[in-house]
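Trainee: Take a look at the following structure, please.
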Amino acid sequence: MQLWHALAKTLSEKTAWALAMDRGVDMVAINAGLLLAAPGLGLTAAHPYLKGAPDMYDGGVLATVDVGFLADAHVAAYESPTAYGRYLCFSNAVCRPEDAVKLAQMLSPAAPRSPPPSDELKVIPQRIQGKKLNKLMLEFASGVYGELD
C-alpha cells in the first residue's frame, strides 16, 4: 500500500509538470512532510503511510508539518508572483531520538516515553531543507508583494 501511494503521488506530480510545461502554465508544487493535526484525528503508527518512516529517519529526511504551517505555505505561494517550481514544506525534521520518541507518542500513546539506551542513540544528519519556502514565506509576511486585495 505504501509503495503504491508514494508511486501514485510521484507519477501524478510528473504528469502535472509535463502538462504545465506543454501548455506554458506556471506551476508551483508544495511537497509536504507528514501532516500532523490534532491528536486522535486518524493517523496512527499502524497507518500504511508510515511503513517507510524508519528508513526516512535513517536517511535524514523524515519531516513533519503542522497543518497551519502548510496552509500558510499555500497562501504565500498563491499570493506571491515570484513563486515558482517545487517547495519542500515541513516544520520539523525528525533527526534526534528524542524527536522520534515524541512523534511515536503522538501517533501511538502506548509507545515508549523515553529514547532507547544511550548505546543505541544516534543523531541523524538532516538531509532535507526548506530554505526556498522559508524565503518565500518571509517575503510574503513582510509585505514585499504589497497589500492583499
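The values are calculated or read from the model by the stated rules, or taken from the named source; none is laboratory data. What you see is a predicted model, and the numbers here were worked out from it, not measured in a lab. Ideal geometry is used to build each Cβ from the backbone, glycine not excepted, and the neighbour counts take in all protein chains shown.
Trainee: Scan the stretch 120-136 residue by residue and report those that are more than 15 Å from the chain's Cα centre (by Cα) and at pLDDT 90 or above.
Mentor: Pass one, the stretch 120-136, residues more than 15 Å from the chain's Cα centre (by Cα): 120-125, 135-136.
Passing the criteria: K135, L136.
Trainee: Given the conditions (1) in a loop (DSSP other than H, G, I, E, B); (2) modelled with pLDDT under 80, which single one is not true for P81?
Mentor: Tallying (1) in a loop (DSSP other than H, G, I, E, B); (2) modelled with pLDDT under 80, P81 fails exactly one: (2).
Trainee: When you check A20 against the structure, is it modelled with pLDDT of 90 or more, part of a helix (DSSP H, G or I) and small (G, A, S), yes or no?
Mentor: It is true that A20 is modelled with pLDDT of 90 or more, part of a helix (DSSP H, G or I) and small (G, A, S).
Trainee: May I pose another question? Looking at (1) modelled with pLDDT of 85 or more; (2) aromatic (F, W, Y); (3) touching an Asp or Glu at 6+ places or on another chain (Cβ under 7 Å), which is the only condition F69 fails?
Mentor: Every listed condition holds for F69 apart from (3).
Trainee: Can you name the residue in the stretch 89-109 that is within 18 Å of V67 (Cα to Cα) and not in a helix (DSSP H, G or I) and, of all such residues, is farthest from the chain's Cα centre (by Cα)?
Mentor: V94
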